[in-house]
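Comments concern the structure below.
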Amino acid sequence: MLIARVIGEVVATQHHSSHDGQKTLIVQPLNLDGTDRGDAVVAMDAVDAGIGDRVLLVTEGFSAMTAVGRPNSPIDMAVIGVIDRIDML
Amino acid sequence: MLIARVIGEVVATQHHSSHDGQKTLIVQPLNLDGTDRGDAVVAMDAVDAGIGDRVLLVTEGFSAMTAVGRPNSPIDMAVIGVIDRIDML
Amino acid sequence: MLIARVIGEVVATQHHSSHDGQKTLIVQPLNLDGTDRGDAVVAMDAVDAGIGDRVLLVTEGFSAMTAVGRPNSPIDMAVIGVIDRIDML
Amino acid sequence: MLIARVIGEVVATQHHSSHDGQKTLIVQPLNLDGTDRGDAVVAMDAVDAGIGDRVLLVTEGFSAMTAVGRPNSPIDMAVIGVIDRIDML
Amino acid sequence: MLIARVIGEVVATQHHSSHDGQKTLIVQPLNLDGTDRGDAVVAMDAVDAGIGDRVLLVTEGFSAMTAVGRPNSPIDMAVIGVIDRIDML
């Protein structure tokens, strides 16, 4: 999983039926110091995250499908937690 | 998922039977500002996307197979939505 | 698998139910000489690893879910062993 | 999927039984302009491709296993089509 | 798959039960000319490879689990063949 921040949302009227009623978020992966880690990606929302939230992002298909409760959906990334706090060594 | 633009199509007469009747698209992943993100890849089409469309691209096998309704097909990337609009923070 | 060191823990109150009671660790992948290998990632704990431990990290979803005994969980990385010793050629 | 060219073959007498009778090809991924894209990889052959052919390469495990008709085989890349023509925008 | 050389072994007393009695190898991926390709990784052994052997490495979870005959194991890379010879174009 990666730490990421929700920075936007995608609207796609013509889409696969599995995406009906799901929020499609744009998330920016982050380094531990809060700087950007590579470029933003698109992920389904599984925990009702909002724009600006710091979240946990799974980046593998089967995991992501499971996260949104749709095991046969074309989803390869999902937001599965909103982070409260990170405790470091 | 990634944002991408459809830029071409592949014709392969000698192919795996699972690809019969499926469009095989060449898509260029994009950054949020519309610039190219790495190099183009090849993806199956699940939403009848056309050349020039800005689309949502899944890049994982099981997700991609599901997208085209062929759960046992050798497909690792699929176009699953045509993007209307992106709302940013 | 990668060799990594546990360097922190993530606290996320609002999370997917599959993560109840699981430790979510921040781990830093390492090269063989002990230097950092890329940036830290987030992984579920399957062997009760502690901060500072040198561990084995699986980085694929189905493997990671299996590691924590939750085959339908949104988990894409897991800590599956605490390393005692590495014997090199 | 990636576009690639078949450039060699691997011979491995001591191998997993699932590879019996399968051609193991060395393929070089290509950019759209025909230049090399990263380094060569090893893939199973699902369409009787020959050395020198320009092919479609799936790079994900479940897809690749399916391609060669062996759903429980340790195969993570497969050649699934011989390309005739690419139509660009 | 990648070509790699076995360069070491990992000893981890506190590990996931699925790893009982399996050799955990350190392998260095190689380019076709025999030079190092990125950094070494950790893989389960499915063909009784020894230190110094040039091997075939699968780098995807489901493939790797299958290779060692443990379909529900937290394994994401496996050594599945010992290479005798590579025939190039």
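Out of (1) modelled with pLDDT of 90 or more; (2) under 19 Å from residue B:41 (Cβ atoms), what's the single condition that is false for residue D:64?
(1)
Step by step: first the residues of the range A:1-28, then only those that are within 7 Å of chain B (Cβ to nearest Cβ) and small (Gly, Ala, Ser), then the one that is farthest from residue C:76 (Cα to Cα). Which residue is that?
For the range A:1-28, the residue satisfying everything is A:12.
Only one residue in C:33, C:76 is open to solvent by 30 Å² or more (accessible area, probe 1.4 Å) and over 9 Å from the mean Cα position of the chain (by Cα). Which one?
C:33
Among the residues of the range C:1-22, write down those that are among the hydrophobic types (A, V, I, L, M, F, W, C) and either surrounded by fewer than 19 Cβ atoms within 10 Å (Cβ to Cβ) or free of Cβ contacts under 8 Å to residues at least 60 places away in the same chain (or both).
C:2, C:7, C:10, C:11, C:12, listed by residue number.
Please state which one of E:53, E:76, E:39, E:33 is closer than 28 Å to residue D:5 by Cα and in contact with a Ser or Thr (Cβ under 6 Å, 6 or more places away or on another chain).
Being closer than 28 Å to residue D:5 by Cα and in contact with a Ser or Thr (Cβ under 6 Å, 6 or more places away or on another chain) holds for just one of E:53, E:76, E:39, E:33, which is E:76.
What single numbered condition from (1) farther than 17 Å from residue D:57 by Cα; (2) crowded, with 20+ Cβ neighbours inside 10 Å; (3) under 11 Å from the mean Cα position of the chain (by Cα) fails to hold for residue B:41?
Going through the list (1) farther than 17 Å from residue D:57 by Cα; (2) crowded, with 20+ Cβ neighbours inside 10 Å; (3) under 11 Å from the mean Cα position of the chain (by Cα), residue B:41 breaks only (1).
In the range B:5-26, which residues are closer than 18 Å to residue D:49 by Cβ and either touching an Asp or Glu at 6+ places or on another chain (Cβ under 6 Å) or among the hydrophobic types (A, V, I, L, M, F, W, C) (or both)?
B:10, B:11, B:12, B:13
Output the number of residues of the range C:56-73 satisfying the condition of being open to solvent by 50 Å² or more (accessible area, probe 1.4 Å) and closer than 18 Å to residue C:3 by Cβ.
1
Pairs please, first residue from the range D:29-50 and within 14 Å of chain E (Cβ to nearest Cβ), second anywhere and open to solvent by 60 Å² or more (accessible area, probe 1.4 Å) and aliphatic (A, V, I, L, M), Cβ atoms under 8 Å, 6+ apart in sequence or on different chains.
Pairs that qualify, where the first residue is within 14 Å of chain E (Cβ to nearest Cβ) and the partner is open to solvent by 60 Å² or more (accessible area, probe 1.4 Å) and aliphatic (A, V, I, L, M), are D:39/E:32; D:40/E:32.
From the list B:87, B:48, pick out the single residue that is farther than 23 Å from residue D:89 by Cα, at pLDDT 85 or above and of a type in the set (Asp, Glu).
That would be B:87, the only listed residue that is farther than 23 Å from residue D:89 by Cα, at pLDDT 85 or above and of a type in the set (Asp, Glu).
Only residues in the range C:67-87 that are basic (Lys, Arg) count as the first member; pair them with residues that are surrounded by fewer than 24 Cβ atoms within 10 Å (Cβ to Cβ), Cβ under 8 angstrom, at least 6 apart or cross-chain, and list the lot.
From the range C:67-87, the pairs are C:70/C:18; C:85/E:10; C:85/E:11.
Counting just the residues of the range B:52-66 that are within 11 Å of the chain's Cα centre (by Cα) and touching a residue at least 40 places away in the same chain (Cβ under 8 Å), which one comes out farthest from residue A:63 (Cα to Cα)?
Only one residue tops the list, namely B:53.
The values are calculated or read from the model by the stated rules, or taken from the named source; none is laboratory data. Keep in mind that this is a model prediction, so the values were computed, not measured. Neighbour counts are summed over all protein chains in view; Cβ atoms, including those assigned to glycine, are modelled from backbone coordinates with ideal geometry. Remember, those area values only see protein heavy atoms, side chains included, never the ligands or the DNA or RNA. Shrake-Rupley method; radii C 1.70, N 1.55, O 1.52, S 1.80 Å.
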